[in-house]
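To keep things clear, I will list the structure first and then write my remarks on it.
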Amino acid sequence: MGLLAFLFRAIVFLFILRLAGLVLRAFLGGFRQGARPDNPQPRGQVEELVKDPICGVHTARSSAIVGRYQGTVAYFCSDECAGKAGAGPA
């Protein structure tokens, strides 16, 4: 019975040691990789926000839907807002 208990304790100890190694490797791997995003936006450059005339939501100019609204160029947050405004092509 003593040998069986020793083997069981040894297996449990090795399992816990392996698990601790995996956790430590994942933790230290985060430091090695760093916390920087893959595609960072250059410092000092901020994208211009435009306001949707229908719902009032601000959205980035590059992702806004451009159309004509009340005779001027307008930027919409979605196709739904552009449809509500009856916006034609810009």
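The values are calculated or read from the model by the stated rules, or taken from the named source; none is laboratory data. Predicted model only: the values in this text are computed from it and were never measured. Note that each Cβ is placed from the backbone with ideal geometry, even for glycine, and that neighbours are counted across all protein chains shown.
A few points about this structure:
- Only one of the numbered conditions (1) loosely packed, with under 13 Cβ neighbours inside 10 Å; (2) modelled with pLDDT under 90 is violated by residue 21, and that is (2).
- Output for region 51-67, where each listed residue is aliphatic (A, V, I, L, M) and part of a strand (DSSP E or B): 60, 65, 66
- Hey, residue 80 modelled with pLDDT under 90, assigned to a loop (DSSP other than H, G, I, E, B) and charged (D, E, K, R) or not: no
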